[in-house]
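The values are calculated or read from the model by the stated rules, or taken from the named source; none is laboratory data. Since this is a predicted model, take the numbers as computed values, not measurements. Quick reminder, even Gly has a Cβ in these numbers, built from the backbone with ideal geometry, and neighbours come from all protein chains shown. With ligands, DNA and RNA removed, areas are computed over all heavy atoms of the protein, side chains included. Shrake-Rupley method; radii C 1.70, N 1.55, O 1.52, S 1.80 Å.
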Amino acid sequence: MPRILMSGASGGIGTRLRKLLPPIYPDLLLSDIRPPADLGANEQFKAADLSDLAQVEAICEGVDGILHFGGYSVEGPWDDILQANIIGGYNLFEAAYRKGVKRVVFASSNHAVGFYPRHHKIGTDVTPRPDGRYGVSKVFGEALGALYADKHGLKVTCLRIGNFGDVPLDLRRISIWLKPEDLVQLCQIGLEHPDIHFEVFYGASLNERAWWDNHRAYEFGYRPTGRSEDHVAHAMAEQAKLKPDPVGDHYQGGAFCSNEFDGDTSRIIDWNKR
Ligand code: 15L
């Protein structure tokens, strides 16, 4: 029975995966900087600050595979991103290597490529176009994953997660929605598939309006069950409550792109008017 470490156990995704993973991985060690408020008596938890290598090494002891959901999960001040995602990301891969962990699934994000326009369908092999400091930290994490796979033989899977939740929240999220059970499938592929060396998959369900070519995940057996078209009415009702965002509405990263934007708006073409 593999021992699996999940970082970020108190965060949004971690909180949900804590309920979904134990039937598949009963020996699940949870970690975060502080314990989840509702930690159960049957759950194993060890606190660790990702910016401290010794603490990260301690949680990697005796572990076979890591689901790395820890770190800063939205745009934020540089020092927070630096400590949690840049230094924290390095510490995670370095500690995994030192402790002989075999596999890492790294929670990357759509914000690694957020500045691709929505009309541009992209694969996982495109040049990164991060839409903020957070996006840059995810590109860095993917690069670390490639390095530790190629140089040290760690089996690494990076998931460019779209928007995780029970339903897509607005128009943008219809294209990038990820149902929790589908994320579990992707984690299992990363932790178990014999042919993983270094892979990047999009963390997206069966979204007809996807901006991403995720064929590589399908080649590894991914069969998502969430269909965002089933939730369009809800998503569009929520969209109607939002103000137009000329920059964010053009790019895949949405409001992450318009946040702090003072670039050249003449580069943004309204494709619907062409
Ligand atoms: C992310 O990477 C964030 O972690 C999440 O909070 C959402 O903002 C998501 O992207 C998104 O793009 O909707």
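Worth a mention:
- Against the numbered list (1) of a type outside the set (Asp, Glu); (2) outside any strand (DSSP E or B); (3) surrounded by 23 or more Cβ atoms within 10 Å (Cβ to Cβ), Phe106 comes up short only at (2).
- Looking only at residues in segment 111-127 that are of a type outside the set (Val, Ile, Thr) and under 10 Å from Trp212 (Cα atoms), the one that is nearest to the ligand (Cβ to nearest atom) is Arg118.
- The listed residue being basic (Lys, Arg) and either touching a strand residue (DSSP E or B) at 6+ places or on another chain (Cβ under 7 Å) or surrounded by fewer than 24 Cβ atoms within 10 Å (Cβ to Cβ) (or both), out of Arg209, Arg172: Arg209
- Test: residue in segment 63-73 that is assigned to a helix (DSSP H, G or I), over 16 Å from Ser10 (Cβ atoms) and open to solvent by 50 Å² or more (accessible area, probe 1.4 Å): no
- Helices (runs of 4 or more DSSP H) within segment 167-274 that include 3 or more residues farther than 24 Å from Gly132 by Cα and touching a residue at least 60 places away in the same chain (Cβ under 8 Å): 180-192, 232-239
- Every residue from segment 91-103 that is touching a Cys at 6+ places or on another chain (Cβ under 7 Å) and open to solvent by less than 10 Å² (accessible area, probe 1.4 Å): Ala95, Ala96, Val101
- Of the residues Gly141, Gly114, Gly88, Gly145, the single one that is open to solvent by less than 10 Å² (accessible area, probe 1.4 Å), modelled with pLDDT of 95 or more and in contact with a Pro (Cβ under 9 Å, 6 or more places away or on another chain) is Gly114.
- Exclusive hit being more than 18 Å from the chain's Cα centre (by Cα) and either more than 16 Å from the ligand (Cβ to nearest atom) or not hydrophobic (A, V, I, L, M, F, W, C) (or both), set Ser205, Ser258: Ser258
- Candidates Gly11, Gly71, filtered to the one that is within 16 Å of the ligand (Cβ to nearest atom), under 28 Å from Lys151 (Cβ atoms) and touching a Ser or Thr at 6+ places or on another chain (Cβ under 8 Å): Gly71
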